[in-house]
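Novice: Questions regarding the structure given below will be posed in turn.
Any read-out appearing in this document is the output of simple, stated calculations on the displayed coordinates, not a laboratory observation. If you're wondering where the values come from, they're calculated on a predicted model, not measured in any experiment. Using ideal geometry, Cβ is built from the backbone for each residue, glycine included, and neighbour counts are taken over all protein chains shown.
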Amino acid sequence: MGKLLEYQLISRSKQGDASAFGALIKDYRKQLFTYLLKICNNRTTAEDLFQDTLIRVWSGLPNYNEQNKFSSWLFSIAHNTAMDSFRRKKVRSRVIHTDELPEFTDGMNPQKEVELKETKDMLLDAVNTLSDKQKQVFLLRQHGELSFKEIAELTEQPLNTVLSHMHYSVKKIRKILREQNVI
Amino acid sequence: MLSDNKDHIIKEFEHEIWLYLDGDLSESRMKFWNENIQKTPELLDVLNETKQVLNIYDTAVLADVDDRAFEKMLNRTTVGGSLLEKVKRFVSGLNSSGGRGETNIHKIAFVGVFVIAAMVIFMLTDKPNPVKTISSDVFDWDAEAISEQLVDIHNSLSAAQNDKMREFILYKQTSDDWSRSVYTIEQRLQRLNKKTDDKSL
């Protein structure tokens, strides 16, 4: 979505235009849902968190400052919603396995589907071995498109720590992909 | 020596690559890395491989919520959430500084609602009775019977005082009857005293 169109949708959403809000969120829908799904461990929980996030975003729009990147603001809310939920339920985040993920193959040939599923499994296993903080940094970066400075602020960690978390996470994933000859 | 230097620069780039990808380094530092990436194939490999790993991850593990579920969530948000939003906007209007007339109206309306609610609650709730409850035994006074007995006693006394023995006999008051009557009255008076306080009397 172009920046101008996004700005217009935000402006209309602030005035209570529900269809503009829907169009705005639709652009981030997959990334937002994937982030919540991977951080919380369960599809039903992810849908609840997704709903809670939408409500917080909708009700918080009057206070949104257009100077800030919308995706960063959106994913900050998603992250805080998830963390609040974990604090209440004291549930450790775990990346769920592919059995719990819907098939997202867009009509690929069967061999490709199998390869993709294997790659998914490997990647999720790799992410599962990360610590909670490493996982948060990695997922916020990959799905939230937050800058590392924003992630550092959101997770209340020093920038160098966040960079180390990301470096370690990618190193782990790279190692697994190399072992499986994917790269 | 050159190799050590190269290893060192690769390690340095591996640490700064994330800020480089974000464009969050200073202009001079960005220029430094751009030049070195051109000169050093190993740095280009690190950059390309990192991008590749992240691309593979992104394409392999993207998930989505069901279309119908998404539409339902949006409806619940914008319809259910709008009420919450209106309340929040109303409350945030109270805190906002600036001399807009709408803010004053909000404040007056907010205070007014509270006052009305407090009055309604006050009127609807039972108030405590300031007068202490009098025991129902007080009303077990049997005033008529006591009055009759008092009249009997009075007549007996009068008859006795006036030495009108016949009248005395007519009332059939023996000394036992008299004692019983006086005793009954005394008992009732004692019970009455115990169960009522001075105020209620």
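Novice: What ratio of Cα Rg to 2.2 N^0.38 Å holds for the stretch A:3-89?
Specialist: Values: Rg = 12.9 Å, N = 87, 2.2 N^0.38 = 12.0 Å.
Compactness ratio reported: 1.07.
Novice: Please give the average number of partner chain Cβ atoms lying within 10 Å of the Cβ of each residue in B:48-58, rounded to a whole number.
Specialist: The mean count of partner-chain Cβ atoms within 10 Å per residue comes to 6.
Novice: 222 nm [θ] for chain A, helices only, -39500 (n - 2.57) per DSSP H run of 4+, per residue, to 500?
Specialist: Mean residue ellipticity at 222 nm (helix-derived): -23500 deg cm²/dmol.
Novice: Kirkwood Rh over Cα pairs of chain A into Stokes-Einstein at 4 °C, 1.567 mPa s: D in µm²/s?
Specialist: Translational diffusion coefficient: 74 µm²/s.
Novice: Further question on the same structure: Partner chain Cβ atoms within 10 Å, averaged over the residues of A:78-84 - can you pull that number for me?
Specialist: Counting Cβ atoms of other protein chains within 10 Å of each residue's Cβ and averaging gives 0.
Novice: If every alpha-carbon in the stretch A:107-179 counts as one equal scatterer, what log10 I(q)/I(0) does Debye give at q = 0.19, 0.25 1/Å?
Specialist: At q = 0.19, 0.25 Å⁻¹ the computed log10 ratios are -0.76, -1.06.
Novice: The stretch A:135-183: which GluC sites (Glu not before Pro) are DSSP loop and have at most 11 other beta-carbon atoms within 10 angstrom?
Specialist: Those that pass, being in a loop and sparsely packed, are A:156.
Novice: Would you mind ranking B:8, A:143, A:167, B:15 so that the residue whose beta carbon has the fewest other beta carbons within 10 Å leads the list?
Specialist: B:8, B:15, A:167, A:143
Novice: Once you average over the residues of A:50-63, how many Cβ atoms of partner chains fall within 10 Å of each Cβ?
Specialist: On the way: counts 4, 10, 2, 2, 7, 8, 3, 2, 8, 10, 2, 2, 4, 3.
If you average over the peptide's residues, the count of other-chain Cβ atoms is 5.
Novice: For residue B:31 paired with residue A:66, estimate the spin-label separation in nm (one decimal), with each label point 7 Å from Cα along the Cα-to-Cβ line.
Specialist: Going by the 7 Å Cα→Cβ label model, 3.4 nm.
Novice: Using a 10 Å Cβ count of at most 16 others and DSSP loop calls, identify the longest part of chain A lacking such trypsin sites (Lys or Arg not before Pro). Don't skip to the answer; put the middle values down first.
Specialist: Values: sites that count: A:69, A:90, A:92, A:94.
Longest run free of exposed loop sites: A:95-183.
Novice: Quick check on the exposure proxy: order A:45, B:184 from fewest to most C-beta atoms within 10 angstrom. Can you show the working numbers first?
Specialist: Working: A:45 19, B:184 14.
Starting with the residue having the fewest Cβ neighbours, the order is B:184, A:45.
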